[in-house]
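Below: the structure, in structure tokens.
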Amino acid sequence: MTEAEEPLAARIARQAKSSESDVRDVFATYGLPLTLTPARPRGLRLHRMRLAGLRTGTLEPGPFDTTFRFGSGLTALVASNLRGKTSVLELITWCLRGTPRDLQSGVRNWIRHLDLDIVVAGQPLGFRLDCTDGELVRAQVLTGPDVGSLETARTPDDTGQITALITASSAESYAQHTQAFMLDRLDLQPLLNTLNETGTQAHGWPAYYGAIYLPAGGDKVLLGDQMMGGLPGRLLQVFLDLPAAATLTRVRAAHDVRSSTAKRRKADAHNAFQQRREERERKESELREARARLAALPGPGEDESLTSLAAEAARRAREVADVQETWEGLMRVHRRAVEHRRREERLLNDVSESLTARLLFHGLDPQACPRCDQEIVEDRRLQERDHHACAICARPVTGEDTNPQEVQDEARLRLEQAKEAEATSHQALEAAEAELAQLTDLLAAAQTRLREARSVLLLPQRIQAQEDILRLEGALSVLPDLPENTGDPYESTIVNVLKAGVTVLDTDSKSAAERLFEDVNKEIADLGRRFGITSLEKVEINRAAQLKVIKDGGVADYFSKLSAGERLRLRIAVVIALLRVGAAHGLSTHPGLLLIDSPKAEEIQDLDAHSLVTELAKLADENSLQVLITTADLTLASGVLPKDRIVEAAEGRPMW
């Protein structure tokens, strides 16, 4: 069995290094097919369109009821400008696309009934729309045994031959039903792309329809009318019937979203793990600090009691007060002793030098007048010593100095006694000072111990440390030191299977594209030259629908850089090339219907336009292609097409 013959599930399982059951489970979860079958034929053929309503305004106002019939090949709608040619394409689009692309609001208000008969993938269908004031109020899609049986039917009949496939009562409902219906009938799938890495965006039938109703030449999209999500390339792959082209877009979108989700979850889990680890480390550090604080605090029984400390402080305070009082008394005694010693020194000096002093030596030595109690000033004493006048009464002191030496000896004795008394008082004072200093230090120490009594002051700290330890231990109990989450194995399996699916399907698509793109490139180049791009040498198209154009002696340029006229011609050439290559290889490709609005308007000169329409008419006949164009140039149409392929309005008259 070759690799191409091997079941898709087995190939994906081998690529993903997983089991086939895992592949089937993942694909079933996402609703993805594992059996790839060639697409069914998806042809579209217009037959009839009827418009009925009431025109308002200045151009032929009044009721109208117009029927258009469309044959195979190229049909031209010819009328003056602004006479309703483009509206015909827009009304066809409203029926087939579910919503018009750019239908004027005035035209919508004119329409009362809109009928379109068409064969879709071999099934006759009749689109019936009823409108009031520009709003869709009722719509049905009918089917019958053949397209002719639908011409006069607007509702299902009683025989059961004409039946309704879709019934809607609003524009929104009609659009939803029609778009899903057309995808089903043409064997097409929604094209998905990733949106913001978290979701998918689905592009349904309107995206495919852009390859039928070609955008204006000024648009730079090669295939379809939307550039977003890589839609041109995806349409190209679908219309070349590359293996599982639409499925590949779904698998790729599913993988991108799931992979992004898995990465985001893994990143979130890693961040959560980091935060949890940092939080745990922080809590462990705080717990160590709390335990260290508690260990540094003394236990409840390690300190002296507050009562004993207070008693000691009070006792020391009393002792200090007592000694302070004693010291103050000794200080007074010492001061008196010092003063007494100084007086004795002066007296000894006086009796040694003054007769008066010797005569008064044994007399009184009052400090104040015995009558008025006023202090005896120093001048009186100096006068007594120098002028022998009594310091109290100022009278001369007289007498005989019989024993001067005896007086001096007695004065010396009294001085010695005064000095001894001073020394004794000084020693007593120093002892009291030393004792006071010692007791003061003891009092300060007792007061300090009392202020810092740990059994009282440190109790809140001990309680706080214990509470912190309990709180942190509790926090750590709910922050287990878990290993980092390396990912969900089931999630990894899903991502790996989807990734393998993308790889396998993309490889198949590339292999098929290599075989087909050579033919597609040749056809596009040949058709481009037939459409009037005479300098075109070759083209190279890739799976992303990027078209490189080589012309003018090897000068390469891309599709978006070409003129509007060249873009229109190559856009048509791509569709016809798809039909030709599809027919040659037996592929279900483009539906074979083209709507082109005013090709001559895209900077195409008369000669170029004539060449384009001539070749387009030939190619339409050769390739079973139905083309509907609009033009205001009757000469252009009549010079190429037979009368039965020209729908003409008289000069200045409306198209319908």
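Read the figures in this text as sums done on the coordinates, not as results from a lab. Predicted, not measured: the structure shown is a model, and the values here were computed from it. Backbone-built Cβ (ideal geometry, glycine too); neighbour counts: all protein chains shown.
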*Rough spin-label spacing in nm, given labels placed 7 Å along Cα→Cβ, for residue 21 and residue 546*: 4.4
_Spacing of the two label points (7 Å from each Cα toward its C-beta) at residue 434 and residue 584, in nm_ = 13.0
*Work out which trypsin sites (Lys or Arg not before Pro) in the chain are exposed loop sites (DSSP not H, G, I, E or B, at most 13 other Cβ within 10 Å) and give the longest gap free of them.*
18-370
*Around residue 416: net Lys/Arg minus Asp/Glu count, Cβ-Cβ under 10 Å*: +2
*Considering the options 72, 95, 106, tell which one lies farthest towards the positive end of the dipole of the stretch 66-145, charges being +1 on Lys and Arg and -1 on Asp and Glu at the Cβ, about the Cα centre.*
72
_Please list, by residue number, every one of the GluC sites (Glu not before Pro) in the stretch 547-656 that is coil in DSSP and has at most 15 other beta-carbon atoms within 10 Å._
603, 651
*Please find the FRET efficiency linking residue 289 to residue 478, where r is the Cβ-Cβ separation and R0 is fixed at 25 Å, and quote it to the nearest 0.05.*
0.80
*Quick one: length gained pulling residue 535 to residue 318 fully straight, 0.36 nm per residue minus the C-alpha distance?*
65.6 nm
*Based on the Cβ-Cβ distance from residue 29 to residue 514, what FRET efficiency comes out when R0 is 41 Å, to the nearest 0.05?*
0.80
*Report the residues of the stretch 566-582 in range of a label on residue 102: point 7 Å along Cα→C-beta, backbone N strictly under 15 Å from it.*
568
*Once the piece of chain linking residue 426 and residue 561 is laid out straight, how much longer is it, given 0.36 nm per residue of separation minus the C-alpha distance between them?*
36.6 nm
_With 10 angstrom as the radius, rank 94, 205 by how many other C-beta atoms surround their C-beta, starting from the fewest._
205, 94
*Could you give the length gained on full extension between residue 522 and residue 491, defined as 0.36 nm per residue of separation minus the Cα-Cα distance, in nm?*
6.6 nm
*Between residue 349 and residue 451, what FRET efficiency comes out of the Förster formula 1/(1 + (r/R0)^6) with R0 = 56 Å and r the beta carbon distance, rounded to 0.05?*
0.45
*Would you grab the residues whose amide H sits under 5 Å from the one on residue 137? Only those 5+ places off in sequence or on another chain, please, with H modelled 1.01 Å from N.*
130, 131, 132
*Which entry in (1) 60.1, 186; (2) 26.9, 91; (3) 31.0, 111 is this structure's computed Rg and Dmax of the Cα atoms in Å?*
(1)
